[in-house]
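To start, the structure itself, in structure tokens.
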Amino acid sequence: MRNNLSSLITLTRISEKYYKPENAYDYSVLTRFERIPTHIHATMDEASHEIASEIANEIREKQKAKKKFVLALPGGRSPHPVFQHLVNIHENEKLSFKNVTVFLLYEFFPLVNSENSNLYHIKEAFLNHVDVPESNIFYPDGFMNKEGIYDFCRSYEQQIKTAGGIDYMLLGIGLAGTIGLNSAGATMSSRTHLVMMDNTSRKETAQLFSSIENVPAGVITMGIGTIMEAKKIVLISWGESKAGIINKTVEGSVSDALPATSLQYHENAKVVIDLSSAYNLTRISHPWLVTNCEWDNQLIRRAIVWLCQVTQKPILKLTNKDYSENGLAELLATYGSAYIVNINIFNDIQHTITGWPGGKPNADDTNRPERAEPFPKKVIIFSPHPDDDVISMGGTFRRLCDQKHDVHVVYQTSGNIAVGNEEVVRYCEYLRDVSKQYAPKDKEDKLRLKAEQIIRYLRYEKKDDSAPEHPDVLFMKGTIRREEARHASRYSGIKDENIHFLDLPFYETGLVKKNPLSEQDVKIIKSLLLKIKPDEIFVAGDLADPHGTHKVCLDAALAAIHEFRNHAWMKKCRVWMYRGAWAEWEMDHIEMAVPISPEELRHKRNAILKHQSQAESAPFLGDDERLFWQRAEDRNRATAELYKQLGLASYEAIEAFVRYRPIE
């Protein structure tokens, strides 16, 4: 089973030339805007393996010298792939960790439950699976009295010095540029101290505490000065959600507002990232500014869109001078004149626009994104959560139904953890009152008794938010989301029998933390695909989802598609990727753009609003204060505005899609 195909999607659009230079000279040319040595890998797994191997080699060198190896570890999800590779090395290569001393970078404060602690998560992911002596593990105590924090911080610094200093500092990075949760304003001389977390960090941390209300106010963290004294520092980052902050950290100026930029002053620091996190670096996003390019249609389109934005001109008004003055003379040399490049790219972008996302019957489809035949098509829309379909492609969803395609919507997970307890109380109070009205004398009414039991549990008895949710509460939350999804789908024009709820097992833990993708998850999707045998599939390609479910759901769908790749019906099927509430496809990648009229945009908003539990009270709105319908409309209008600025037709809004081409 190919269970990580989503990590290979970027390989179809970025040449290795830009992130795997052949020699030191090429590296220096490519990285001239980068102020920290930066190593880009094709995938998170490849990068994590390199880091784990490096740590393992340094442990062995210390063992030969009969010395301790002092390792500092961060929290969060980023180091987990590294931890897994280290555990594999321990088990398969018999590497001992007995000479390793571990210092935790930070701990939340104050803690009320040990299972929410950074220590607990690092032990679960790493320390419990290797033979680091318990006496060699040092960490801040999130349960200490606040009166003892000052003395503890001084003693923690002394423990680091007694250990001989930190040999290897592994760091993650927050969306606000935090390292060790040191936020804006942290000084270069700061030592281990208690800080209040900024709002962005609290939102990022909420995934460990079920809701932002449960996140501790502070964190005891090593200071920037402590971090900078480490002999070696490696900052890691995975995924497109970190691309912006990585660009600022690596290519921006040193600033107190972004603590991670202080690493530019360290003589032995480096950044190790995957392609998704590297996407905003100049050598990846604008390689023509640093080297000769391997021009393909996609890269040319990206360059022209960028040039239009720099010159504030539409495509057909760009001149030879515009190209020459902005580092694109190479294109003129290749194609002869700006006019030739302009008209080719204008036509290329024009051909992405279609009002027939399922293909227009009896039409010449030579330059259309979708085929005319067969018509009508059997269409599957995969939705990771029960609202991603209407948030991300609600206009296209309705258009497919209006154009009489056989549309199926497939909700991959129940989305039950993303319903607030107050929503459950409200529905249970409704059930209780209805039951009283229609069965007033039935003292054994099971429905009323169950509703009252759930209300009592949520309002008075539930104490531990870190424990798995009660099965009855999970059922109610899942049912709320299921019926909201059903209502929104009906409103969009779909038949009841074409609404499918998979409730994939990986998601059903009752916790924010989910299980890994399993063969059972893929088997469920395969069964559905085999039953429908679609002509067109839509999947969520939005990997910036803050709690990772979109990526797992995408991997599940792609794994199932991959296993059917040699079937005749799958060879004829086209797979389109949409993006959700967190990001939009860049113009250079859009292959199908579906215009949305003002009336259709209003219908899309109404469909999103059917998901009442996901309005203002939803636990996972992320770092964006806008509601989901606002994000969707702003994003769709921005795409339409970009098409207009490039000199194409002016639309109210546009939903964008990229075609997925199955890996052989």
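Please work out which one of (1) among the polar types (S, T, N, Q); (2) more than 28 Å from the chain's Cα centre (by Cα); (3) within 30 Å of W629 (Cα to Cα) is the condition Q453 fails and give its number.
Status for Q453: all satisfied but (3).
Would you mention how many residues in region 267-280 are touching a residue at least 60 places away in the same chain (Cβ under 8 Å) and more than 18 Å from the chain's Cα centre (by Cα)? Step through it out loud before you land on a result.
Of all residues in region 267-280, those touching a residue at least 60 places away in the same chain (Cβ under 8 Å) come to 269-276, 278-279.
Still in the running and more than 18 Å from the chain's Cα centre (by Cα): 269-271.
Total meeting the criteria: 3.
When you scan region 364-384, how many residues do you find that are open to solvent by 10 Å² or more (accessible area, probe 1.4 Å) and either of a type in the set (K, R) or touching a Phe, Trp or Tyr at 6+ places or on another chain (Cβ under 8 Å) (or both)? Lay out the reasoning, then the answer.
Taking region 364-384 first, the residues open to solvent by 10 Å² or more (accessible area, probe 1.4 Å) are 364-369, 371, 373-376, 378.
With either of a type in the set (K, R) or touching a Phe, Trp or Tyr at 6+ places or on another chain (Cβ under 8 Å) (or both) added as a condition, the list becomes 368-369, 371, 378.
Count: 4.
Of all residues in region 496-517 being at pLDDT 95 or above and outside any helix (DSSP H, G or I), which is least open to solvent (accessible area, probe 1.4 Å)?
L504
If you take the residues of region 337-363 that are of a type in the set (G, A, S) and surrounded by fewer than 18 Cβ atoms within 10 Å (Cβ to Cβ), which of them is farthest from the chain's Cα centre (by Cα)? Give the derivation first.
Residues of region 337-363 of a type in the set (G, A, S): 337-338, 355, 358-359, 363.
Filter once more, so that each one left must be surrounded by fewer than 18 Cβ atoms within 10 Å (Cβ to Cβ): 337, 355, 363.
On the way: S337: 40, G355: 29, A363: 38 Å.
Taking the candidates together, the pick is S337.
Go through region 563-599 and give me each residue that's open to solvent by 20 Å² or more (accessible area, probe 1.4 Å), out of contact with any strand residue (DSSP E or B) (no Cβ under 8 Å at 6 or more places or on another chain) and either closer than 30 Å to I284 by Cβ or among the acidic types (D, E) (or both).
E563, R565, W582, A583, E586, E599
Within region 480-495, take every residue that is within 30 Å of E563 (Cα to Cα), out of contact with any Pro (no Cβ under 8 Å at 6 or more places or on another chain) and open to solvent by 30 Å² or more (accessible area, probe 1.4 Å) and give me the one that is modelled with the highest pLDDT. Spell out the reasoning first.
Our first condition is that a residue be within 30 Å of E563 (Cα to Cα); within region 480-495, this holds for 482, 485-486, 489, 494-495.
From the residues that got through so far, the ones that are out of contact with any Pro (no Cβ under 8 Å at 6 or more places or on another chain) too are 486, 489, 494-495.
When the remaining residues are screened for being open to solvent by 30 Å² or more (accessible area, probe 1.4 Å), the result is 486, 495.
Values: R486: 97, K495: 94.
Selected residue: R486.
Can you tell me which residues in region 359-391 are of a type in the set (S, T, Y) and within 21 Å of K495 (Cβ to Cβ)? Let's see the steps before the verdict.
Filtering region 359-391 down to residues of a type in the set (S, T, Y) leaves 366, 383.
S383 - this is the single residue of region 359-391 that is of a type in the set (S, T, Y) and within 21 Å of K495 (Cβ to Cβ).
Kindly provide the set of residues from region 289-326 that are under 23 Å from E591 (Cα atoms) and small (G, A, S), ordered by number.
Hit for region 289-326 is A303, nothing else.
Of all residues in region 62-103 being open to solvent by 50 Å² or more (accessible area, probe 1.4 Å) and assigned to a helix (DSSP H, G or I), which is farthest from A163 (Cα to Cα)?
Step one: of region 62-103, the residues open to solvent by 50 Å² or more (accessible area, probe 1.4 Å) are 62-68, 77, 80, 84, 88, 91-94, 98.
If we keep only those that are assigned to a helix (DSSP H, G or I) too, we end up with 62-64, 80, 84, 88, 91-92.
Values: K62: 14, Q63: 15, K64: 18, H80: 25, Q84: 26, N88: 27, E91: 27, N92: 29 Å.
Only one residue fits best here, namely N92.
Taking the stated definitions as given, is D472 surrounded by fewer than 18 Cβ atoms within 10 Å (Cβ to Cβ), under 27 Å from the mean Cα position of the chain (by Cα) and not basic (K, R)? Please lay out each step first, then the result.
Details: surrounded by fewer than 18 Cβ atoms within 10 Å (Cβ to Cβ): yes; under 27 Å from the mean Cα position of the chain (by Cα): no; not basic (K, R): yes.
No, not satisfied.
Of the numbered conditions (1) open to solvent by less than 60 Å² (accessible area, probe 1.4 Å); (2) part of a helix (DSSP H, G or I); (3) modelled with pLDDT of 90 or more, E641 fails exactly one; give the number of that condition.
(1)
Answer with yes or no whether M196 is open to solvent by 10 Å² or more (accessible area, probe 1.4 Å) and closer than 17 Å to G75 by Cα.
Numbers: open to solvent by 10 Å² or more (accessible area, probe 1.4 Å): yes; closer than 17 Å to G75 by Cα: yes.
Criteria met by M196.
Residue-by-condition table, conditions (1) in contact with a Cys (Cβ under 8 Å, 6 or more places away or on another chain); (2) assigned to a strand (DSSP E or B); (3) of a type outside the set (A, V, I, L, M); (4) crowded, with 16+ Cβ neighbours inside 10 Å:
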| residue | (1), (2), (3), (4) |
| --- | --- |
| A260 | no, no, no, yes |
| K313 | no, no, yes, yes |
| L316 | no, no, no, no |
| S324 | no, no, yes, no |
| T334 | no, no, yes, no |
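Check whether at least one residue in region 616-626 is at pLDDT below 85, at positive phi and open to solvent by less than 40 Å² (accessible area, probe 1.4 Å), and report yes or no. Working first, answer last.
Going residue by residue through region 616-626, those that are at pLDDT below 85 are 616-626.
The next check asks that each one be at positive phi; those that pass are 622.
After this cut, where a residue has to be open to solvent by less than 40 Å² (accessible area, probe 1.4 Å) as well, the list is 622.
Yes, some residue in region 616-626 is at pLDDT below 85, at positive phi and open to solvent by less than 40 Å² (accessible area, probe 1.4 Å).
Filter region 529-578 down to residues that are under 11 Å from the mean Cα position of the chain (by Cα) and aliphatic (A, V, I, L, M) and give me whichever is nearest to R202 (Cα to Cα). Before you say what the answer is, go through the steps one by one.
Within region 529-578, the first condition is being under 11 Å from the mean Cα position of the chain (by Cα), and the residues that meet it are 541-552.
Next cut, aliphatic (A, V, I, L, M) only: 543-544, 552.
Working: L543: 21, A544: 18, V552: 24 Å.
Across region 529-578, the extreme among qualifying residues is A544.
The values are calculated or read from the model by the stated rules, or taken from the named source; none is laboratory data. Because the structure is a prediction, the values reported are computed rather than measured. Don't worry about glycine lacking a Cβ; one is built from the backbone with ideal geometry, like all the others, and counts go over all protein chains shown. Surface accessibility is based on the protein's heavy atoms, side chains included, excluding ligands, DNA and RNA. Shrake-Rupley method; radii C 1.70, N 1.55, O 1.52, S 1.80 Å.
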